[in-house]
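The values are calculated or read from the model by the stated rules, or taken from the named source; none is laboratory data. Quick caveat: nothing in here was measured; it's all calculated off a predicted structure. For neighbour counting, all protein chains shown are included, and Cβ atoms are generated from backbone atoms with ideal geometry for every residue, glycine included. Areas reflect the complete protein model, heavy atoms only, side chains present, ligands, DNA and RNA absent. Shrake-Rupley method; radii C 1.70, N 1.55, O 1.52, S 1.80 Å.
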Amino acid sequence: MEREEGLSILASRGWLADTPPEFRKRFLSGARWRSVDRGVTVTLGGEEEDDVIGLADGTVAISSTLGEAGTPTMHMGHSVFWMGYGPLLLGRPRDVTVVARTHLWIAVIPKARILPLLDETTRWWRCFMRLLAEYGDISAMIASDLLIRQSDRRLAATILRFAGLRGRYADRAEQLRLEVTQSELAEATNLSRNATGAILRKLAAKGYIKTDYRGIVVCAPSSLQQLVDEG
């Protein structure tokens, strides 16, 4: 993917698309365009880096460093997805580790390019606060999914969230491949691997998903969302 195409994607979808044109132009003007191979760590929890990273294409797996060591994958991000803004805005080390689950195309926005936007005028702060609000929304969704008591509904909610299809996005008609293992889904939903496998087989029998050695394909997100909402 060429730089201009990628920056256009980042500017036209998600958080940045809702900001003023002047802010978008200045925010992306100093972006460093990078290709990232599958399996590479994009950000590491605990590091002091404060560049902001925009995911234009690909999928990342996200785990938190705030809990006990070995915390499993808690979320997955797809284009368009923003990372790394916590240290810049809050002045603390990164609290999540992000790993490329597929090949990625990302834009790295250096701190030096962002600080002038923070210092110049209060109106740009509203743009960054919207970005922090998105982080809060994701965190709240993760917590609410884990509070679902019925195991099949909890797993369905996690699959949709991992696929970026939770809530208002569940009406998408196209199928979506999710590169996630059964073990990762089990850990993310506090279920045993056997229980997770049994539920996945039931969902597959209903045509909601397909499973293979690479992960799962979400075939009927609206049906999965209906299952989540049944409680």
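Miscellaneous remarks
- Of the residues examined, residue 92 is not one that is in contact (Cβ under 8 Å) with a residue 60 or more places away in the chain and on the phi < 0 side of the Ramachandran plot.
- Comparison of 73, 97 shows that the only residue that is assigned to a loop (DSSP other than H, G, I, E, B) and on the phi < 0 side of the Ramachandran plot is 73.
- Where residue 12 falls short, out of the listed (1) surrounded by fewer than 20 Cβ atoms within 10 Å (Cβ to Cβ); (2) among the hydroxyl-bearing types (Ser, Thr, Tyr); (3) within 16 Å of the chain's Cα centre (by Cα): (3)
- Search result, residues across the stretch 15-48 that are at pLDDT 90 or above, part of a strand (DSSP E or B) and either within 13 Å of residue 127 (Cβ to Cβ) or within 20 Å of the chain's Cα centre (by Cα) (or both): 33, 34, 35, 36, 41, 42
- Unmet requirement for residue 170, which otherwise passes all of (1) at pLDDT 85 or above; (2) of a type in the set (Gly, Ala, Ser); (3) open to solvent by less than 60 Å² (accessible area, probe 1.4 Å); (4) out of contact with any strand residue (DSSP E or B) (no Cβ under 9 Å at 6 or more places or on another chain): (1)
- Residues being surrounded by fewer than 17 Cβ atoms within 10 Å (Cβ to Cβ), touching a residue at least 12 places away in the same chain (Cβ under 8 Å) and either touching a Leu at 6+ places or on another chain (Cβ under 7 Å) or of a type in the set (A, V, I, L, M) (or both) - total across the stretch 119-137: 1
- Scanning the stretch 143-161 for residues that are part of a helix (DSSP H, G or I) and either surrounded by fewer than 18 Cβ atoms within 10 Å (Cβ to Cβ) or among the small types (Gly, Ala, Ser) (or both) yields 143, 144, 146, 151, 156, 157.
- Cβ-Cβ contacts under 7 Å between residues 6 or more apart (or on different chains), taken from a first residue in the stretch 1-23 that is of a type in the set (Ser, Thr, Tyr) to a second residue that is open to solvent by less than 70 Å² (accessible area, probe 1.4 Å), are listed as 19/127.
- Residue match in the stretch 29-52 (condition: touching a Phe, Trp or Tyr at 6+ places or on another chain (Cβ under 8 Å), of a type outside the set (A, V, I, L, M, F, W, C) and open to solvent by less than 20 Å² (accessible area, probe 1.4 Å)): no
- When 88, 66 are checked against the criterion of being assigned to a helix (DSSP H, G or I), over 13 Å from the mean Cα position of the chain (by Cα) and not charged (D, E, K, R), a single residue qualifies: 88.
- Qualifying residues in the stretch 213-229 (those that are within 12 Å of residue 181 (Cα to Cα) and not aliphatic (A, V, I, L, M)) - the one surrounded by the fewest Cβ atoms within 10 Å (Cβ to Cβ): 213
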